[in-house]
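The values are calculated or read from the model by the stated rules, or taken from the named source; none is laboratory data. None of these values were measured; they are calculated from a predicted model. Note: ideal-geometry Cβ built from the backbone for every residue, glycine included; neighbour counts use all protein chains shown. For accessibility, only protein heavy atoms count, side chains too; no ligands or nucleic acids. Shrake-Rupley method; radii C 1.70, N 1.55, O 1.52, S 1.80 Å.
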Amino acid sequence: MQVPLEHKLRSLRPVLTLWNKEPTIISLFEATRRRCRKPRPASLTSGDADPMQTECRMQREKPQEHKEKTHTSGVFHSAFRVADSAGRSLAILVVLVVAVRAWQLTHTEVASRDSISYVRIAWQLEHGPWPDVMRAAPQHPGYPLAVLVMSLPVRHFLPDDLPRAWQISAQLVSALASVLLLFPMYYLGREMFDGRIAFWACLLFQCLPSSGKVMGDGLSDTLFLLFACTALWLAALALRRRSVGLFALTGLAGGWAYWVRPEGALFVAATGLVLVGMQKVRRWRQAWWKVLLQGSALSAAALAVMTPYMFLIGGLTVKNTPNLLINQQRPDANWEERLRPQPQQDAQPQTHAVQPGSTLWAIFWGPGDRSFDKLANEITDLRQLQNYRLPSRYLWALKAFLLEAGKGFFYVAWLPALLGLWWRRERFRVVPGVWVSLLVCLTLTALLYRMAEKMGYLSDRHLLVLILCGSYWAVAGIFVLGEKLAAGAARLWPTFAGRGWTDGRTWTLSLLLLLTIAPLPRTLARLHAERSGFRSLGHWLAAHTLPGDFIEDPYCWAYYYAGRVFVEGRRDLPEHKPKCFYVVLEESKNRHARLVSLQKAVENILQHKGAKIVHTQEVRRGREKALLQVWQVPGPYRWTPMPPLPGQRN
C-alpha cells in the first residue's frame, strides 16, 4: 500500500525539529502540506473562496512576503503585517496633519467670530458658577471646557496677552482633535472598506478647504467630529462583534459628542435603530434577549452622560436654531418676516453686559448668508424691503443645500462619492455599520434642509459629518474609476498594453493625488487674512481707552483684542469723565456696505450725538482698500433695538 506524501512529510517533522534544521525546510513542509490538502466545499466556506486558496494566491502575488517568514506562524505573521501597515499609514497621516495644523496656527490673523463666543464661555466657566454659566451660554459646554483646560498651560507662557493666549488655546484644541480624529476615522474606513481607502479618505478630508480650514480654527466642529467619528467606528465594531461593552462605549462616545453639539444624540439613536433593523436580515439575526441587552447598554451609557446636562438646562439644547425649529410659534422663527422692518422701540439705557455686534448694527452685520447677500446686492434703500418679493424659501433651501454641499466637496468630489455608492453598494450587505453612517447622513440632510427653509441660513460647516462620511465613498469610487479608465485605455490604445497607462493603480493614484493636492492652496491660505486690521485696531483701543469705556463693535474683533471680553459685567473699572463710548465702523466696498441708507443713517446718528472720529486705519480687503474708523461718542452708552435680520450663526 502506497503511503501518501503528506503522511511521509508529517512523520519526518519531529526528526527535522530535533535536528534543528533551517526554518526554510519547515516552511517547505508547510507549503507542501497545503498543496496536498483538498479544498473544502464551497458550502462550508463563509466567503466566495476557500481561505487556504486565498492565502496561496496572496503568496504567489507577493513572493517577497513569503521570504520574510521565519518561525512565526502564518496567522500571527498576517496580523503583524496588518498592524504594521496600519501603524505606517497612521504615522504618515499624523506627520502630514501636524505640519498642516502648525502652518495654520502660525498663519492666523484673527480669531473667528464664533471662536470669540467660545472663549467668552470658557472665561465665564473659570470665573463663575458652572451651572449658571451653562444655562445662560448659547453653546454646549464641551468645547469651551476643553479650551479652558488648554488655556492653563498656554497662559503660563503668554500671561500678558489674554486675547492672544485664548485664541491660541482654542486653535490648539481644534488642532489636537484633528490629529486624534485620524485614528477613529482610519479604523472606521477599515471596517467599511480596507486600509487603502481608509488612508486616502483621511488624507482627503484633512485637505478639503471646507473641513481643513475649520480644523485649524478655534471652532467646536473638530472636537465634535472626533467624538462623532469615534461613535461611528465603535458602532460598526459593536454591530459586527455583538459586544455589549462596545455598545456601551458607543453610547459614551455619542454622549460626549452631545456635550459639544446637540447632533451627537443622532449617532446613538441611529445605532439603536440599526441594531433593531438587523433582525430583519437572516444572517444578522440574533436572539431578542441579546438585542435587548445590547440596546440597554447603548442607551444606559448615553443617558448617563447626556442627562445631567439636560436636567441642568431643562431641555434638549441651549442653541437657538434647534429651539426655533422645535418651537415654530416663536415670533423670530420665520426669517421671511424678520427681513421686513418692525416697529421701533424706545431707547433704553444699558443695564447688562452687551454682546458685541448685537445692538445698533444687528440688521447691518448680523446674517452673512446668501439670502441676505442677495438683498444687500439688490436693495440700497431699506424702504424697498416692504415691497420686496422674496423667492420661494423651499427652492432657496434646496439650492442653498446643493451649493454648500458642492462647495464642501470642493465642487468635484461629490461625483466619485455618488459613483462609489453605486459601484460599492455590496458593502451595505456585508457591513452593518455602514447603515449607521447612512442613517445619520439622511437625518442630518433633512434637518439641514429644514433649517435652511425656516432660518434662511446654511453653511458648509453644517455639512462636515456628511463630507466625512462621503470621503470614504469618494475614494472608493476613485479606486473603481481608476480600474475602468485603465481598461478603457487598454481598449483604445492596444499598443500601450502592459504600460502604466493601462494599469488601474496609475490612474487611481493620479486621481487621488490630484484631488488631495488641488485644494491645498485654499486650505493653507491665511485664516481671516482680510480682517487683520481689526487686531491692530483693538490694540489701539486697549492703549487709548480706559477699561470701563464701552466699545460698540459690530465686527467683534476690535472689541475682543481690546480685552473687553475679559472685563464684561464688571462695574469697578475706571472710565472717562465725562462718560463716553466708542464705535467701530468700516468704509469699504464690502457686500454688506451696499446698504447705503443704513450706513449713512448710522453716521448721521453719530454726528447728531456730537461724535467725532478719533482714529482711522487703512487696511486691504484682497485687491480693494477699506478704512476702519473709531468714533468717540459723548455720554453714557444707550442701545436702540433695531429690526432684526437672520442672526449670527449659531
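Things worth noting here:
- Residue in region 483-503 that is modelled with pLDDT under 85, farther than 20 Å from Leu188 by Cα and β-branched (Val, Ile, Thr) present: yes
- Any hit, region 525-536, residues being in contact with a Phe, Trp or Tyr (Cβ under 8 Å, 6 or more places away or on another chain), surrounded by fewer than 20 Cβ atoms within 10 Å (Cβ to Cβ) and of a type in the set (A, V, I, L, M): no
- Condition met for Leu225 (in contact (Cβ under 8 Å) with a residue 60 or more places away in the chain and either closer than 22 Å to Gly406 by Cα or buried (at least 24 other Cβ atoms within 10 Å of the Cβ) (or both)): yes
- Looking across region 462-512, the residues that are farther than 24 Å from Val440 by Cα and of a type in the set (Gly, Ala, Ser) come down to Gly482, Ala486, Ala487, Gly488, Ala489, Ala490, Ala497, Gly498, Gly500, Gly504, Ser510.
- Some residue of region 179-193 being within 29 Å of Asn320 (Cα to Cα) and open to solvent by less than 50 Å² (accessible area, probe 1.4 Å): yes
- Against the criterion of being over 25 Å from Tyr449 (Cβ atoms) and either modelled with pLDDT under 95 or in a helix (DSSP H, G or I) (or both), Ala333 does not qualify.
- Here Ala102 passes the criteria (1) under 19 Å from the mean Cα position of the chain (by Cα); (2) open to solvent by less than 20 Å² (accessible area, probe 1.4 Å) except the one numbered (2).
- Region 439-462 residues that are open to solvent by less than 40 Å² (accessible area, probe 1.4 Å), paired with ones that are among the small types (Gly, Ala, Ser) and at pLDDT 95 or above (beta carbon under 7 Å, 6 or more apart): Val440/Ala270
- Failed criterion for Leu442 (all others in (1) touching a helix residue (DSSP H, G or I) at 6+ places or on another chain (Cβ under 7 Å); (2) under 29 Å from Ala238 (Cβ atoms) hold): (1)
Residue-by-condition table, conditions (1) within 18 Å of Glu568 (Cβ to Cβ); (2) in a helix (DSSP H, G or I); (3) among the aliphatic types (A, V, I, L, M):
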{"site": "Val119", "(1), (2), (3)": "yes, yes, yes"}
{"site": "Ala122", "(1), (2), (3)": "yes, yes, yes"}
{"site": "Met134", "(1), (2), (3)": "yes, yes, yes"}
{"site": "Met150", "(1), (2), (3)": "no, yes, yes"}
{"site": "Met185", "(1), (2), (3)": "no, yes, yes"}
{"site": "Arg196", "(1), (2), (3)": "no, yes, no"}
{"site": "Phe199", "(1), (2), (3)": "no, yes, no"}
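- Test: residue in region 229-242 that is outside any helix (DSSP H, G or I) and surrounded by fewer than 24 Cβ atoms within 10 Å (Cβ to Cβ): yes
- Checking the stated criteria, Thr506 turns out not to satisfy the condition of being among the hydroxyl-bearing types (Ser, Thr, Tyr), open to solvent by less than 60 Å² (accessible area, probe 1.4 Å) and at pLDDT 90 or above.
- Candidates Leu145, Leu249, filtered to the one that is at pLDDT 95 or above, open to solvent by 10 Å² or more (accessible area, probe 1.4 Å) and under 20 Å from the mean Cα position of the chain (by Cα): Leu145
- Trp166 being assigned to a helix (DSSP H, G or I), surrounded by fewer than 23 Cβ atoms within 10 Å (Cβ to Cβ) and either at positive phi or not charged (D, E, K, R) (or both): no
- For region 540-558, a tally of residues being assigned to a helix (DSSP H, G or I), within 20 Å of Trp123 (Cα to Cα) and either open to solvent by 10 Å² or more (accessible area, probe 1.4 Å) or of a type in the set (Val, Ile, Thr) (or both) returns 2.
- Just one of the listed residues (Val633, Val602, Val619, Val614) is modelled with pLDDT of 90 or more and of a type in the set (Val, Ile, Thr), namely Val614.
- Residue ID - nearest to Arg461 (Cα to Cα), chosen from residues in region 405-418 that are open to solvent by less than 60 Å² (accessible area, probe 1.4 Å) and part of a helix (DSSP H, G or I): Gly408
- Index of the failed condition, Gly357 passing every other in (1) at positive phi; (2) surrounded by 12 or more Cβ atoms within 10 Å (Cβ to Cβ); (3) modelled with pLDDT of 85 or more: (3)
- All positions within region 271-285 that are modelled with pLDDT of 95 or more and either closer than 15 Å to Met306 by Cβ or in a loop (DSSP other than H, G, I, E, B) (or both): Thr271, Gly272
- Residue count, region 201-218 (criterion: in a helix (DSSP H, G or I) and either over 17 Å from Phe183 (Cβ atoms) or among the small types (Gly, Ala, Ser) (or both)): 8
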